[in-house]
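Quick notes on the structure that follows.
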Amino acid sequence: MVKAEDLIAAIREEVGDGQALVALSGGVDSFVAATLAGKALGGRLHPVLVDHGFLREGEREEVEAAAKAVGMDLLTVDASARFLEALKGVTDPEEKRRRIGHLFIQVFEETARELEAIHGPIGYLVQGTILPDVAESRPQGGGGPVKSHHNVGGLPEAMAFRLVEPLRQLDKPEVRELGKTLGVPETILTRQPFPGPGLAVRVVGEVTAERLAMVRRADAIVRREMEKAGWHQTLWQYFALLTGSPSVGYRDGRRVYGEVVAVRAVVAERAERAAPAPLPPEFLAVLAERILAEVPGLSRVVYDISPKPPATIEWE
Ligand code: XMP
């Protein structure tokens, strides 16, 4: 087991008396990397959370609370209005990812410049790259990456930072173990995989403020019920998404069209293969009833029974 002190000492050596930035996404890797760097550099580390507005309910607050718990002085940049504007009229998922990726870099660069104006030059960027990321980003004979925005790729090329990647040699379980020894809160350590572009790719079709609010509410209901029933202990991922399909329902004595929401829940060991979770019909019925009662604009709930492959976990 790798020791936190060794990694902290290595960061100190690498950065010397320089300053570093780190972008937190809410994910365990970036958070553990930031915690190590914070211990190594103290006030010379500047952790930033760019809130693109596509986080799940309560997530920004969770990251902020976790940062506080490990003594990190986190700067949250609320750029949600800019991101929403950038996605206006966009329905193609890869175009969504591209625009989110570009704007993310832009906002991060602006923030870096503002921080430099206050603290002086910042030469280093801490990233939570882990062993599987290193393997995945190796070219694999043509084809290119399956998705254009797996994590926030492109960041290092766009800026003149030297990268600090303290977790490069570790796999996910080791990162969690390390996080535990550093006092990283459970909310971060047990967080499910979540796409960098967030809820923007869990809304099939155009992303609007209304549709984001709908998916966020439905997703919060799914998460709460799953946790209440204990499914969070065994499932790989579970969430709600908006399918973009209209369907008719019956409310207050008349036929009204609303949108179909889908529930996706899978068992998996890694993300390459996944099977639909064998959820009992009574439990699914609770999800459907709550979602339809509590989220206006939805008319129907379906449960995705597709295995991966050939289906993917996400719909976009
Ligand atoms: P798929 O949908 O390809 O997803 O079966 C495999 C795993 O990757 C996550 N995922 C993403 N993560 N940016 C990310 O950082 C993305 O654009 C993205 N798309 C999918 C997905 O949640 C699953 O865990």
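The values are calculated or read from the model by the stated rules, or taken from the named source; none is laboratory data. Bear in mind the structure is a predicted one, so any value in this text is a computation, not a measurement. Cβ atoms come from the backbone with ideal geometry, glycine included; neighbour counts cover every protein chain shown.
Within the span defined as the range 242-252, one or more residues are more than 16 Å from the ligand (Cβ to nearest atom), surrounded by fewer than 16 Cβ atoms within 10 Å (Cβ to Cβ) and β-branched (Val, Ile, Thr). Somewhere in the range 195-213, is a residue without any contact (Cβ under 8 Å) to a residue 60 or more places away in the chain, farther than 21 Å from Gly53 by Cα and not in a helix (DSSP H, G or I)? Within the range 195-213 (the criterion being without any contact (Cβ under 8 Å) to a residue 60 or more places away in the chain, farther than 21 Å from Gly53 by Cα and not in a helix (DSSP H, G or I)), the answer is no, since none of the residues qualifies.
Within the range 61-75, the residues that satisfy the criterion of being part of a loop (DSSP other than H, G, I, E, B) and either crowded, with 16+ Cβ neighbours inside 10 Å or modelled with pLDDT under 95 (or both) are Val70, Met72, Leu74. Step by step: first the residues of the range 270-294, then only those that are more than 16 Å from the ligand (Cβ to nearest atom), exposed (fewer than 15 other Cβ atoms within 10 Å of the Cβ) and among the small types (Gly, Ala, Ser), then the one that is nearest to Thr234 (Cα to Cα). Which residue is that? The qualifying residue nearest to Thr234 (Cα to Cα) is Ala285. If you go through the range 1-29 and keep only what is over 19 Å from Gly123 (Cβ atoms) and within 16 Å of the ligand (Cβ to nearest atom), you end up with Leu24, Ser25, Gly26, Gly27, Val28, Asp29. Glu227 - would you say it is assigned by TED's automatic domain parsing to the domain that holds Leu287, surrounded by fewer than 18 Cβ atoms within 10 Å (Cβ to Cβ), touching a residue at least 40 places away in the same chain (Cβ under 8 Å) and away from the ligand (no atom under 16 Å from the Cβ)? No; evaluated as a whole, the condition is false for this residue.
Only a single criterion out of (1) away from the ligand (no atom under 16 Å from the Cβ); (2) without any contact (Cβ under 8 Å) to a residue 60 or more places away in the chain; (3) surrounded by 22 or more Cβ atoms within 10 Å (Cβ to Cβ) is not satisfied by Ala218, namely (2).
Out of all the residues in the range 299-311, is one or more within 14 Å of the ligand (Cβ to nearest atom), acidic (Asp, Glu) and in a loop (DSSP other than H, G, I, E, B)? Yes, the range 299-311 has at least one match.
When the range 250-305 is filtered for residues that are of a type in the set (Gly, Ala, Ser) and on the phi < 0 side of the Ramachandran plot, the ones remaining, listed by number, are Gly258, Ala262, Ala265, Ala268, Ala271, Ala274, Ala275, Ala277, Ala285, Ala288, Ala293, Ser299.
The condition of being within 20 Å of the chain's Cα centre (by Cα), surrounded by 14 or more Cβ atoms within 10 Å (Cβ to Cβ) and closer than 17 Å to Leu199 by Cβ holds for only one of Phe108, Phe104, that being Phe104. The test for being hydroxyl-bearing (Ser, Thr, Tyr), touching a helix residue (DSSP H, G or I) at 6+ places or on another chain (Cβ under 6 Å) and at pLDDT below 95 holds for Ser148.
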